[in-house]
Structure formats: structure tokens, C-alpha cells
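Colleague: Got a structure here, written out as C-alpha cells. Questions coming.
The values are calculated or read from the model by the stated rules, or taken from the named source; none is laboratory data. Small disclaimer: the values here were computed from a predicted structure and weren't measured. Cβ placement follows ideal geometry from the backbone for every residue including glycine, while neighbour counts extend to all protein chains displayed. With ligands, DNA and RNA removed, areas are computed over all heavy atoms of the protein, side chains included. Shrake-Rupley method; radii C 1.70, N 1.55, O 1.52, S 1.80 Å.
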Amino acid sequence: LPSHDRVIFPICRSDGLVIALGGRIISNKTEAPKYINSSESLIYSKSKSFFGLSQATEALRKSRHAYLVEGYLDVIALSQINIPNVIASCGTALTEQHVAVLKRLADSVTVLFDGDEAGKKAAAKSFEVFINSGIDASSVILPDGHDPDSASRAMSPDKLTTLLERSRLPLQGVYLEQLLGEERLDEEVSAASIGKVSKQYASLVAKVSNSVERELLLRFGAQKLGISVKSLEQLLEQINPPRKFNSGERGSRELISQEVS
């Protein structure tokens with residue numbers, strides 16, 4: 001049976017009620033999936049559930065900061081070195097529903113995914129989900145391909161805590177670096193590739209509703225890409241061109257203006 005040779009983890013609501021189970025394989029069966037979770041139900045939805053939430057809720061409310069990891073063992077490992085404000089998504093990519101849950105508990109989030117290429121890509125991808133959330137999102141890229149569990153065993157608690165506090169990168173920087181890395185050849189990025197990445201970044205920034213946040217993201221992107229803010233603003237205007245009013249709308253606007261004055 002697929003449930004054999006697995007450690008079973010309870011997945012709970014914030015009040016401690018068990019709503020699902022997750023199983024991680026502990027044998028060397030290469031053909032078996034690493035994780036098996038309960039099927040979704042009326043009380044369990046992967047897209048908005050977190051492992052470790054019930055244990056972390058009090059710490060999250062006190063610190064208003066969350067560490068977001070990928071695996072059950074990552075949560076347990078960090079909790080054991082006195083980092084209680086840590087939670088993990090349940091075998092699925094981060095969603096807007098996840099972020100909505102986080103927003104009620106934290107003002108800032110550090111994405112702490114595996115240090116391999118897949119983990120970096122997942123961390124970069126998560127930036128898109130945090131757009132317009134109001135959450136200050138950053139990321140720490142762990143060294144030498146470590147995940148939080150292995151890093152907690154390879155480093156002293158003080159060293160790892162210091163790394164997590166001092167090595168945070170803006171999540172938009174991780175996102176841009178991932179896009180550039182996909183275009184990089186022999187450590188060089190061509191002008192055409194910079195143009196392609198700039199358009200992708202501008203397309204994402206165009207979705208930001210807060211004008212101040214949008215302006216700061218444009219400045220950050222321009223600096224990272226080595227281009228002018230004006231160039232990114234022009235791309236933004238191409239994506240979201242200024243609205244043009246027809247003659248009827250213009251006449252109505254002028255009439256309203258006269259009445260107000």
C-alpha cells in the first residue's frame with residue numbers, strides 16, 4: 001500500500017482541529033511518491049491550508065512575521081531551534097488563498113525554500129502571488145543546496161538564525177534574478193534578453209494597484225536590469241495605455257468640471 005513506510009503528519013486548522021494527514025516516505029522505494037496527502041474535502045483545501053499553523057499562530061501574531069517553507073520536516077527542524085513562526089504549504093504551490101490567510105496573521109513573510117534550482121524557481125514564482133497583498137515579502141537562498149531541515153543540522157542555531165535575519169533579499173529581486181538566469185549564456189545577457197525580461201517584469205508590475213509600490217518596484221527593476229526607469233515606464237504604458245475618451249465622454253467630463261467650478 002502507498003501509505004506503508006511513511007511518517008504521518010497531522011494537518012490542523014489554526015484552532016488545532018485535525019483536518020487532514022500528510023505522509024512522507026522513509027524507505028528507499030524509488031517508485032513511490034515522496035509525499036502523499038489526504039484528498040481534498042469540505043474541510044481541507046490544499047490551496048489555503050498550512051502545516052504547522054496551529055503551533056505557529058501565537059508566534060505569528062506576536063512577531064507579525066512568517067517563515068514560509070516547503071516541507072513538514074522543515075517546519076519541525078526550525079521549530080526545534082526556537083523559530084516558532086514557521087509554516088509550510090501542503091504539497092502545492094503558493095496560492096492567493098494562502099496569502100489571504102497569511103495576511104490575517106503577518107505583515108511580512110520570508111520565503112525559505114530549498115537552495116536547489118527548483119527551490120529558487122519556486123521562490124521566484126511566489127512573488128507573483130504576493131502582488132497587491134500588502135505583505136512585505138522577502139526570501140533567503142540557503143547555501144550549498146541546503147533545505148531548512150538540512151541547514152538546521154549543518155549549522156549551529158545561532159549561525160542559522162543570523163543567516164535568516166541578515167541574508168533576506170527582496171522577493172522581486174529573486175524573481176528578476178530567476179528571469180535573467182534563464183536568459184543568461186556564459187555569464188552574459190544580450191540586449192534582446194534584457195528587453196524580454198524587462199517586458200515580463202513590467203507586465204507583472206502593471207498589476208500593482210498601489211501607485212507608490214508600483215513606482216518603487218519600477219525603480220528597483222530599472223536598477224537591477226541596468227536600464228532607465230523611463231524605459232520601464234514606457235513598457236508599462238504599452239501594456240496599460242492611457243484611456244482615451246470619446247467625444248461624448250469628453251463633453252460629459254467638461255460639463256461636470258464646469259458645474260463643480
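Colleague: Would you mind telling me the antiparallel percentage of the DSSP bridges in the chain, rounded to 5? Write out the running numbers ahead of the final one.
Modeller: Working: 15 of 26 bridges.
Antiparallel bridges: around 60 percent, rounded to the nearest 5.
Colleague: How are the alpha carbon pair distances in the range 120-234 distributed across 10 Å bins from zero to the largest one, expressed in percent?
Modeller: Cα pair-distance distribution for the range 120-234, in percent: 12, 40, 30, 15, 2.
Colleague: Mind grabbing the accessible area of D136 for me, 1.4 Å probe, Å², rounded to tens?
Modeller: 100 Å²
Colleague: Continuing with the same structure: Once amide H atoms are built 1.01 Å from N in the peptide plane, which residues 5 or more positions from S139, or in another chain, come under 5 Å H to H?
Modeller: Hits under the 5 Å cutoff: V111, L169, L171.
Colleague: Any chance you could check the Cα centroid distance between the range 106-123 and the range 33-96 for me, in angstrom?
Modeller: The distance from the Cα centre of the range 106-123 to that of the range 33-96 comes to 13 Å.
Colleague: Which of A118, A20, A191 moves the most in a Gaussian network model of the chain with Cα springs under 10 Å?
Modeller: Between A118, A20, A191, it is A191 that shows the largest mean-square fluctuation.
Colleague: Is there a pair in K62/K103; K48/K196; K125/K207 whose C-alpha atoms are over 22 Å apart, and which pairs would that be?
Modeller: Working: K62/K103 14 Å; K48/K196 33 Å; K125/K207 15 Å.
Among K62/K103; K48/K196; K125/K207, the Cα-Cα distance tops 22 Å for K48/K196.
Colleague: Per residue of the range 202-211, in order, report the coupling 6.51 cos²θ - 1.76 cosθ + 1.60 (Karplus, θ = phi - 60°) as ³J(HN,Hα) in whole Hz, putting x for Gly and Pro.
Modeller: 4, 4, 6, 4, 4, 7, 6, 7, 7, 5
Colleague: Would you kindly give the portion of the calculated P(r) for the chain that falls above 25 Å, as a percent of all Cα pairs? Write out the running numbers ahead of the final one.
Modeller: On the way: 18266 of 33930 pairs.
For the chain, the fraction of Cα-Cα distances above 25 Å is 54 percent.
Colleague: Counting only Cα atoms, I'd like the Rg/Rh figure for the range 1-126, Kirkwood definition for Rh.
Modeller: Numbers: Rg = 14.4 Å, Rh = 15.0 Å.
We get a ratio of 0.95 for the range 1-126.
Colleague: Related question: Where does the charge balance sit around S47 when Lys and Arg score +1, Asp and Glu -1, over other residues with C-beta under 13 Å from its C-beta? Don't skip to the end; give the middle numbers.
Modeller: Numbers: positive: K46, K48; negative: E40, E96.
Residues close to S47 contribute a combined charge of 0.
Colleague: Short version: ³J(HN,Hα) in whole Hz for each residue of the range 148-153, in order, from phi by Karplus 6.51 cos²θ - 1.76 cosθ + 1.60 (θ = phi - 60°), x for Gly and Pro, what are they?
Modeller: Along the range 148-153, the couplings run x, 5, 5, 5, 5, 8 Hz.
Colleague: Follow-up question, since we're still on this one. Between A32 and N240, what length in nm is gained on full extension when 0.36 nm per residue of separation is reduced by their alpha carbon distance? Present the calculation step by step, with values, prior to reporting the outcome.
Modeller: Working: separation 208, 0.36 × 208 = 74.88 nm, distance 4.74 nm.
Residue separation times 0.36 nm, minus the Cα-Cα distance, leaves 70.1 nm.
Colleague: Could you run the Karplus curve 6.51 cos²θ - 1.76 cosθ + 1.60 with θ = phi - 60° over the range 6-23 and give me ³J(HN,Hα) per residue in whole Hz, x for Gly and Pro?
Modeller: Values per residue, Gly and Pro as x: 10, 8, 9, 10, x, 9, 10, 6, 4, 8, x, 5, 6, 10, 6, 10, x, x Hz.
Colleague: Let me ask something else. Students sometimes get this wrong: rank R166, R219, R64 by accessible area, probe 1.4 Å, all chains present, largest first. Mind showing how you got there, number by number?
Modeller: Working: R166 195, R219 125, R64 70 Å².
Largest to smallest exposure gives the sequence R166, R219, R64.
Colleague: If you don't mind, another one. Which value, in debye to the nearest 20, gives the size of the charge dipole of the range 1-134 about its Cα centre, when Lys and Arg are +1 and Asp and Glu are -1 at the Cβ? It would help to have the intermediate numbers written out before the result.
Modeller: On the way: 15 positive and 13 negative charges, 52 e Å.
The dipole of the range 1-134 has a size of about 240 debye.
Colleague: As an exercise, find the ratio Rg/Rh for the range 161-220 from alpha-carbon atoms, using the Kirkwood inverse-distance average for Rh. Intermediate results must be reported in sequence, preceding the final value.
Modeller: Details: Rg = 13.8 Å, Rh = 13.1 Å.
Answer for the range 161-220: 1.06.
Colleague: Placing +1 at every Lys and Arg Cβ and -1 at every Asp and Glu Cβ, with all other atoms neutral, what dipole size does the range 43-92 have around its Cα centre, in debye to the nearest 20?
Modeller: On the way: 5 positive and 3 negative charges, 47 e Å.
Dipole of the range 43-92, to the nearest 20 debye: 220 debye.
Colleague: Right, here's the next one. Where does the chain land at 222 nm, in deg cm²/dmol rounded to the nearest 500, when only DSSP H runs of n ≥ 4 count, each adding -39500 (n - 2.57), divided by all residues? Don't skip to the end; give the middle numbers.
Modeller: Details: 11 runs with 127 residues, N = 261.
When only DSSP H runs of four or more count, the value is -15000 deg cm²/dmol.
Colleague: In square angstrom, rounded to the nearest 10, how much accessible surface does Y72 have for a 1.4 Å probe?
Modeller: Rounded to the nearest 10, that gives 10 Å².
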